Amino acid sequence: MNLHTPLRTLAASALAAASLSACSVFGTAPGPSARAIVSATSVAAAAGMNPAGTVRFVQQGDGVRVSGRISGLRAGQVHGFHVHEAADCSGDGMATKGHFNPGGVAHGQQGSHVHHAGDLVSLRANADGVAEFDFTAKGLSVASGPNSVVGRGLIIHRDPDDYKTQPTGNAGPRPGCAVIRAD
């Protein structure tokens, strides 16, 4: 009889129980995921930026967890951050078209009652020009469907979003862009 087999079985059972327990503590298990690799557009240098980094999107219940790290931003500044309609980062980022807005509603702040599905929380760069973020966005999905971010553009703007000006938030040029792809 091998004494290690019962220990392995016990360890596997404990790991499975811990995983199930974590799901009950933190809500539902993560669903589909996607990722976007941000790079600079042709207007980045003129904006005094060189955005680079990765953004991850993970379906969690009725929201999408958006997390990542972007460097090359303007130090100490706030930057508009939006999911856009098209997955085309050519040139100055304008090929991504407007904000992703499957509901046809007014532009607004994420977390308010009315906002484009693509209106995300603005990025705040630290003194080194790096923004690290982790938030849940409502109105988006990673799974297929009308609110899916997969196959969309992701834009980092030069300026902060004022959350008032329609339909863009007056966030200025698009120095950072990515295409959102399913994992």
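Packing, as the average of other Cβ atoms within 10 Å across residues, places the peptides 80-86, 158-164 in the order 80-86, 158-164, highest first.
Between residue 88 and residue 67, the simple label model (points 7 Å from Cα in the Cβ direction) yields a spacing of 3.4 nm.
For the pair residue 121 and residue 33, label points projected 7 Å from Cα toward Cβ lie 1.9 nm apart.
Work through the residues other than residue 108 whose Cβ is under 9 Å from its Cβ and net out their charges, Lys, Arg +1 and Asp, Glu -1. Every neighbour counted, the sum reads 0. Centre-to-centre separation between the Cα atoms of region 134-179 and those of region 112-129: 8 Å.
So what's the net charge close to residue 128: Lys and Arg +1, Asp and Glu -1, counting the other residues with Cβ under 12 Å from its Cβ? That sum, taken over residues with Cβ under 12 Å, equals +1. Within the set of other residues whose C-beta is less than 13 Å from the C-beta of residue 168, count the net charge using Lys and Arg as +1 and Asp and Glu as -1. Local charge sum for residue 168: -1.
Let me know the shape class of region 33-182, please: from the alpha-carbon gyration tensor, a ≥ b ≥ c as square roots of the eigenvalues, rounded when a/c is under 1.5, otherwise prolate if a/b is greater than b/c, or oblate. Verdict is rounded for region 33-182.
Note on residue 135 and residue 113: the extension gain reaches 6.2 nm, defined as 0.36 nm multiplied by sequence separation minus the Cα-Cα distance.
As a rough guide to protection, the peptides 63-69, 122-128 ranked by mean Cβ packing within 10 Å, highest first, stand as 63-69, 122-128. Based on the alpha-carbon gyration tensor of region 40-108 and its eigenvalue square roots a ≥ b ≥ c, which shape applies: rounded if a/c is under 1.5, prolate if not and a/b is larger than b/c, or oblate? Judged from the Cα gyration tensor, region 40-108 comes out oblate (a/c at least 1.5, b/c at or above a/b).
Each value in this text was obtained by applying a stated rule to the coordinates, not by laboratory testing. What you are looking at is a predicted structure, and each value in this text was computed from that prediction instead of being measured. Every residue, glycine among them, receives a Cβ derived from its backbone with ideal geometry; neighbour counts consider all protein chains shown.
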